[in-house]
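Quick notes on the structure that follows.
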Amino acid sequence: MGKGERPEHMAPPDIFYNEDEARKYTTNSRMISIQSTLTERALELLALPQDGLPRLLLDLGCGSGLSGEALSEAGQVWVGLDISAAMLDVAHEREVEGDLVLSDLGHGLPLRPGSFDGAISISAVQWLCNADRAGHDPRKRMKRFFETLYMSLRRGARAVLQIYPENHKQAEMLVAAAMKVGFSGGLVVDYPHSTRAKKYFLVLMVGTSIAVPTAKGLDGSEPEDEEEAAEHVQMAGRDRKKRRRTGGKGDGKGRDWVLKKKEQMRKKGYDIAPDSKYTGRKRKRIV
């Protein structure tokens, strides 16, 4: 893929994110850092109750589970949906904690109504704006996606969808499609004056109408330097590759590892869900 080319212009997502691309994406330190930062911001905008109880969340376009790892570290339980079987294979190999479902978002979400406390999506929903195959109607696919997302969420829940719209028209299409099925909310654009740091979040609410959260960087400021965080993520990426090469099960990601990780987060001041019999449970893949 050449510099500046958008993935959705190259091929449908299930073809573009083949086995090679899935592994490159998952071991790229820059991508790991970006996914982590965007997921943390999505959690802020989700505004979950700070009572220490885990919530059941959707990760739409979960890919290889990079965003899901941030949800797990925050003490949340999640179900991830993605159209790329190769991405889900990598997520399964990495033993992410969420349940994984092979699903095309444009076909609607195959989920029980009112089951989820919230939803996030990182860099995925803009793919619905494209007609990837003969017979694909982007407006119909967006309508089906938002209808079933609305139904799957509990009253009062939020969905935070981070998107990379190609232009203003695409952003308007997504907002309009969400509003037509009953959502309230709108776009939050962080660092709107920055070419490099500008990020779009579609913040949607079910059964309630409150002010859209305030964006970051409205005063023209830039995000803080993240070199130290990127260096840490790069080290973690190398550790993950090393563990994959060993092929053994003793990679430290069992219940003891999860309990230790949660305790570290508590010591850092994070509000982490209490330990339970489900902590560290091996998740299943649903296809």
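Observations on the model:
- Note on exposure: Ser64, Ser221 ranked by accessible area (1.4 Å probe, complete protein assembly) read Ser221, Ser64, with the most exposed listed first.
- With all protein chains in place and a 1.4 Å probe, the accessible surface of the stretch 33-98 carries 53 percent carbon and sulfur.
- Here the ratio of the Cα radius of gyration of the stretch 7-240 to 2.2 N^0.38 Å is 0.96.
- The His136 and Asn18 beta-carbon pair, evaluated with R₀ = 25 Å, returns a calculated FRET efficiency of approximately 0.80.
- Accessible area per residue for the stretch 7-240 is 46 Å², calculated with a 1.4 Å probe on protein heavy atoms, without ligands, DNA or RNA.
The values are calculated or read from the model by the stated rules, or taken from the named source; none is laboratory data. The structure presented is a predicted model; accordingly, all values stated were derived computationally and were not measured. Heads up, the Cβs are rebuilt from the backbone with ideal geometry, glycines too, and the neighbour counts pull from every protein chain shown. All accessible areas refer to the heavy atoms of the entire protein, side chains included, with ligands and DNA or RNA removed. Shrake-Rupley method; radii C 1.70, N 1.55, O 1.52, S 1.80 Å.
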